[in-house]
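*Asks:* Structure in structure tokens, see below.
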Amino acid sequence: DGRIQPVSGILSSAVMANDNKFTEIIVPAQNTREAAIVNGIKVIGVKTLAEAVSYISGKLAIQPERSTSLNVEGNTRSSISESFEIDFDDIKGQESAKRALIIAAAGGHNILLYGPPGSGKTLLAKAINSILPPMSIDEAIEITKIVSINGSLGSKALVTRRPFRNPHHSTSSVAIIGGGSWPRPGEISLAHRGVLFLDEFPEFPRTVIEALRQPLEHGEVVVSRAAGSVRFPSRFMLVAAMNPCPCGNYGDPIKACICSPQAINRYQRKISGPILDRIDLQINVPRETIRTLSSDKKTATLGNIAKLVSDARNTQLSRYSKTTILTNAELTARSIELYCPIDPNVKELLVSAAQKLNLSGRGYHKTIKIARTIADLENSHSIESRHIAEALNYRTRKDETLIA
């Protein structure tokens, strides 16, 4: 009957039209709020083909959609604890793990949490969103474009909170990586500029785990089909959690492990060395005592932690203002030399430790990036030996049977 239906990906189309110097676009009426996010272009919404023809021929006047107000939620929230189902205030103890998560959030680093069941790995992972800094307008538009292409934007004009994606380990490879006969973004792209949480990491299919190599390294994924290839952004923070063995009790001082050495090795070998090498921080999460869990004692408040992380991110934005880099985790080997100068004595400590620990070239550079983030959290201009020492601590597994 000539009625026009809403479509997916209208924001990307509006951005492209604006980039190509178009001054006006006609879109389905239900997509006007989304398209109006783009400044500098007139957005005309039509409900039927007859309206479109009448408008083009000058027989009908249609008022353009007013520009959408770009209020990103994180910039204006007054009480962080009220905005999240789980936050850092809900976690008792686990100070080492929380410290590692703060560093990961401040620098956009990938992190692996390993420990027995019930130690709080999932709770820690879900709390990380409460300390991530607010999104910039550019980041919000980037994420909204992906969600719009996926067809899951709904009535929202703009995604206002960093994504947190938590796919089950039974999720298909196409759903996680992206693809289909008409390629659509997967979970790794829907987590762009946010968090991808993979619980029970070794339980994911080997093909899915290994497919993470490209996005972890380059921040994008290329989906190729017979008709051509599509490139989706995938600059996410990977937060993975795993047990040390099938029963989960290997290394636990209280509960005995019932797994054979072969079963433990087979379970841990599901995560290959190259994948582990791409995960910046690896931290053991032991079980906390009942006394700690029942204590009312609190460390730093959520607001203070969030401000610490936000200040560190702002330092990085200022440092990389003339580049496309947003966080320390995105530094390349060449940019590390430019932005992470190290005193010769401190560098000698790093080189000596890297040789002793048999770190790969990637591991060596990741150690520097982690140290740079630790220094940013302390508002230190230079990378000191204590920053290197702490960074090295996160690159070495406490359990020697786990893959190094």
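*Asks:* Counting only DSSP beta bridges with both residues in the chain, tell me the antiparallel percent, nearest 5. Could the numbers behind the result be given before it?
*Replies:* Working: 9 of 29 bridges.
Around 30 percent of the beta bridges assigned by DSSP in the chain are antiparallel ones.
*Asks:* Probe radius 1.4 Å, ligands and nucleic acids ignored: give me the carbon and sulfur share of the accessible area of the stretch 172-258 as a rounded percent.
*Replies:* Working: 2010 of 3790 Å².
Heavy-atom surface of the stretch 172-258 belonging to carbon and sulfur, 1.4 Å probe: 53 percent.
*Asks:* Another question about this same structure. How much net charge surrounds ALA312 when only the other residues with a Cβ under 12 Å from the Cβ of ALA312 are counted, with Lys and Arg +1 and Asp and Glu -1?
*Replies:* Values: positive: LYS307, ARG313, ARG319, ARG372; negative: ASP311, ASP376, GLU378.
Taking every other residue near ALA312 into account, the sum is +1.
*Asks:* Return one number: the angle in degrees, 0 to 90 and rounded to the nearest 10, between the long axis of the Cα atoms of helix 137-150 and the longest principal axis of the Cα atoms of the chain.
*Replies:* 80 degrees
*Asks:* Could you pull out the pairs from LYS42/LYS145; LYS92/LYS121; LYS98/LYS356; LYS126/LYS156; LYS98/LYS307; LYS98/LYS156 whose alpha carbons sit more than 22 Å apart here? Write out the running numbers ahead of the final one.
*Replies:* Details: LYS42/LYS145 19 Å; LYS92/LYS121 12 Å; LYS98/LYS356 28 Å; LYS126/LYS156 24 Å; LYS98/LYS307 15 Å; LYS98/LYS156 33 Å.
In this structure, LYS98/LYS356; LYS126/LYS156; LYS98/LYS156 lie more than 22 Å apart at Cα.
*Asks:* Only one of the listed values, [x] 37, 25, 19; [y] 45, 43, 16; [z] 42, 24, 21, was derived from the coordinates as semi-axes √(5λ) of the Cα gyration tensor in Å; which label is it?
*Replies:* Checked against the structure: label [z].
*Asks:* From largest accessible area down, sort SER189, SER321, SER260, SER155; use a 1.4 Å probe on the protein chains. List each step's numbers first, then the result.
*Replies:* Details: SER189 0, SER321 80, SER260 50, SER155 105 Å².
Largest accessible area first, the list is SER155, SER321, SER260, SER189.
*Asks:* Which percent, to the nearest 5, of DSSP beta bridges fully inside the stretch 149-292 are antiparallel? Spell out each step's value before the answer.
*Replies:* Values: 8 of 14 bridges.
So the antiparallel bridges amount to about 55 percent of the total.
*Asks:* Computing the accessible area with a 1.4 Å probe over protein heavy atoms, can you report the carbon and sulfur percentage for the stretch 318-401?
*Replies:* On the way: 2240 of 4580 Å².
Its accessible area is 49 percent carbon and sulfur atoms.
*Asks:* Please sort 53-60, 179-186 by packing, taking for each peptide the average over its residues of neighbouring beta carbons within 10 angstrom, highest first.
*Replies:* Values: 53-60: 11.4, 179-186: 17.9.
Going by the mean number of other Cβ atoms within 10 Å, highest first, we get 179-186, 53-60.
*Asks:* Over the stretch 178-284, what is the mean sequence separation of C-alpha contacts under 8 Å (at least six apart), divided by residue count, expressed as relative contact order in percent? Spell out each step's value before the answer.
*Replies:* Values: 142 pairs, mean separation 30.5, N = 107.
Taking the mean separation of contacting Cα pairs over the length of the stretch 178-284, I get 29 percent.
*Asks:* So if I take the centroid of the Cα atoms in the stretch 96-149 and the same for the stretch 166-224, what is the distance between those two points in Å?
*Replies:* So the separation of the two Cα centres works out to 16 Å.
*Asks:* Per residue, how much accessible area does the stretch 145-204 have with a 1.4 Å probe, in Å²? Numbers along the way, then the final one.
*Replies:* Working: 2400 Å² over 60 residues.
I get 40 Å² per residue for this part.
*Asks:* List the residues whose amide H sits under 5 Å from the amide H of LYS42, counting only those 5 or more places along or on another chain, with H placed 1.01 Å from N in the peptide plane.
*Replies:* Answer set, sorted by chain and number: GLU24, ILE25.
*Asks:* Can you list residues from other chains, or at least 5 along the same chain, whose modelled amide H is less than 5 Å from the amide H of LEU198?
*Replies:* VAL239, ALA240, ALA241
*Asks:* Additional query: Helix 95-107 versus the longest principal axis of the chain: what is the Cα-based angle in degrees, 0 to 90, to the nearest 10?
*Replies:* Relative to the chain, helix 95-107 is tipped by roughly 40 degrees.
*Asks:* At a probe size of 1.4 Å, how large is the accessible area of TYR250, to the nearest 10 Å²?
*Replies:* 70 Å²
*Asks:* When only Cα pairs under 8 Å and 6 or more residues apart are kept, what is the percent relative contact order across the stretch 121-198? Working shown, then result.
*Replies:* Numbers: 85 pairs, mean separation 24.4, N = 78.
Reported as a whole number, the value is 31 percent.
*Asks:* Can you list the equivalent-ellipsoid semi-axes of the stretch 81-229, largest first and in whole Å, using the square root of 5 times each Cα gyration tensor eigenvalue?
*Replies:* Details: eigenvalues 147, 81, 34 Å².
Each semi-axis is the square root of five times an eigenvalue, giving 27, 20, 13 Å.
The values are calculated or read from the model by the stated rules, or taken from the named source; none is laboratory data. None of these values were measured; they are calculated from a predicted model. All Cβ positions, glycine included, derive from the backbone under ideal geometry; neighbour counts span all protein chains shown. Side chains included, ligands, DNA and RNA excluded: accessible areas come from the protein's heavy atoms. Shrake-Rupley method; radii C 1.70, N 1.55, O 1.52, S 1.80 Å.
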